[in-house]
Amino acid sequence: MKFSHFIFRRALMVIPLLVGVLFLTFMLVRVGGLDPVGLLAGPTATAEEFEMIREELGLNEPLWRQFVIYTSNVIQGDLGESWLSNRPVLEDIGARAIISLELLFWGIGIGTLIGVPLGLRAAFRPNGRFDQTTRILSLLGFSIPTYWLGLVMLFVFFYLLRWAPPGMGRISLMVSPPDFVTGSYFIDGIISANWRAAYSSLTHLILPVICLAIVSAAPIIKQTRAIALEVISSDTVRFARASGLRTKTVRSIVFRNSATPIVTFVGTEITGLVGTMSLIEYVFAWGGLGQYGLNAIVRGDFTAVQGYVLVLALFSVIVFLAVDIIIAIIEPRADLK
């Protein structure tokens, strides 16, 4: 029961957090200086047309009343309609969330599979050649701007070498998408035996995944190395070495004691890279949630921005809840209070 109570208490923390996100997002998008009424009405609109659009959007109401109406709609599962496309925001976000999750899954997954082993190996041999090389590569991954990295990869692998397709979406314009099953063209193509669509989607997936993997692997390498070095210098590991335990056993102890902070950091990295991923989606015209939110911010679509930020906040809460559950499973001694 203790574990179930722990999960229940963590889930209850979502409510005040989402209310705070609702309020902050609602206020920030309205003091940002963009006026959607002017965008919708056009430069030749009269004052009466401006007022009619403002009334239709509910912007003539006091701010507190606008917030109450918006909160009530969100509780009912209604995120409103995009002021520029006249489509329900929830439908737009639902259609694009799967697209972004595919990119996030492959990018963070590969970045973690590369970063954690490299960081651990560098920590076991500090200041050696491998450690110095790894630290330089990690520093480069930190220093390279994400937007610039995507453009350079397109320039090299598409324009110069012709190894990759152009950054124009998730699949070639000459190939029909496979039947919808999971939302991933690559997986759906395999499931439906549409090998042409699966191959085309895979070729379009490689470059953006590599970009995201590089961006995610760099901090994971650095943090894993720092965590492992701290564990190696602990009394537990020193005692294990003094007891004559095999190197393999000592490394297993280091890995187990490093697992909790590494999992915590990777969870934090996932939530932080969602914003970075919007730049990658924009460069490769991926059409995911990040590109949708970025376009909404630039165009002043308040309703879409509010829905986008709310979904990101909910996603972050779910990730941290999953991290707490994983830590409670791999580290039973963790405090579940």
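The values are calculated or read from the model by the stated rules, or taken from the named source; none is laboratory data. Bear in mind that the values here come from a model prediction, so they are computed numbers and not experimental data. Virtual Cβ from ideal backbone geometry, glycine too; neighbours counted across all protein chains shown.
Evaluated against (1) aliphatic (A, V, I, L, M); (2) at pLDDT below 90; (3) within 24 Å of the chain's Cα centre (by Cα), residue 250 falls short on exactly one condition, (3). Checking the condition part of a loop (DSSP other than H, G, I, E, B) and farther than 25 Å from residue 283 by Cβ, which residue from 175, 181 passes? On inspection, the qualifying residue turns out to be 181.
For the stretch 52-78, which positions are among the hydrophobic types (A, V, I, L, M, F, W, C) and in a helix (DSSP H, G or I)? Show your work before the answer.
Start the filter on the stretch 52-78 by keeping residues that are among the hydrophobic types (A, V, I, L, M, F, W, C), which leaves 52-53, 57, 59, 63-64, 67-69, 74-75.
Result: 52, 53, 57, 63, 64, 67, 68, 69, 74, 75.
A single member of 107, 167 is buried (at least 18 other Cβ atoms within 10 Å of the Cβ) and at pLDDT 90 or above, and it is 107.
Residue selection: residue 143 satisfies the criterion of being surrounded by fewer than 12 Cβ atoms within 10 Å (Cβ to Cβ) and out of contact with any Lys or Arg (no Cβ under 6 Å at 6 or more places or on another chain). Apart from one condition, residue 169 fits all of (1) in a helix (DSSP H, G or I); (2) on the phi > 0 side of the Ramachandran plot; the exception is (1). Taken as a whole, the stretch 125-145 holds at least one residue that is of a type in the set (A, V, I, L, M, F, W, C), under 20 Å from residue 207 (Cβ atoms) and touching a Leu at 6+ places or on another chain (Cβ under 9 Å). With respect to the conditions (1) in contact with a Leu (Cβ under 9 Å, 6 or more places away or on another chain); (2) at pLDDT below 90; (3) surrounded by fewer than 17 Cβ atoms within 10 Å (Cβ to Cβ); (4) not aliphatic (A, V, I, L, M), residue 158 lacks only one, and its number is (2). With respect to being small (Gly, Ala, Ser), in contact (Cβ under 8 Å) with a residue 60 or more places away in the chain and in a helix (DSSP H, G or I), residue 322 falls outside the description.
Determine whether the stretch 281-296 contains at least one residue that is farther than 21 Å from residue 209 by Cα and among the hydroxyl-bearing types (Ser, Thr, Tyr). Even if it seems obvious, please write down each step before you answer.
Within the stretch 281-296, the subset farther than 21 Å from residue 209 by Cα is 295-296.
Remaining after also requiring among the hydroxyl-bearing types (Ser, Thr, Tyr): none.
Taking every residue of the stretch 281-296 in turn, none turns out to be farther than 21 Å from residue 209 by Cα and among the hydroxyl-bearing types (Ser, Thr, Tyr).
In the stretch 269-286, what residues are more than 10 Å from the chain's Cα centre (by Cα) and surrounded by fewer than 17 Cβ atoms within 10 Å (Cβ to Cβ)? Even if it seems obvious, please write down each step before you answer.
First, pick out the residues of the stretch 269-286 that are more than 10 Å from the chain's Cα centre (by Cα): 279-286.
Answer for the stretch 269-286, where residues must be more than 10 Å from the chain's Cα centre (by Cα) and surrounded by fewer than 17 Cβ atoms within 10 Å (Cβ to Cβ): just 285.
I'd like the residue in the stretch 76-127 that is out of contact with any Asp or Glu (no Cβ under 7 Å at 6 or more places or on another chain) and of a type in the set (Lys, Arg) and, out of all such residues, is farthest from residue 264 (Cα to Cα). Restricting to residues being out of contact with any Asp or Glu (no Cβ under 7 Å at 6 or more places or on another chain) and of a type in the set (Lys, Arg), the top hit is 96. Looking at the stretch 23-45, is at least one residue touching a Leu at 6+ places or on another chain (Cβ under 7 Å), at pLDDT 75 or above, closer than 30 Å to residue 327 by Cβ and of a type outside the set (Ser, Thr, Tyr)? No, the stretch 23-45 contains no residue that is touching a Leu at 6+ places or on another chain (Cβ under 7 Å), at pLDDT 75 or above, closer than 30 Å to residue 327 by Cβ and of a type outside the set (Ser, Thr, Tyr).
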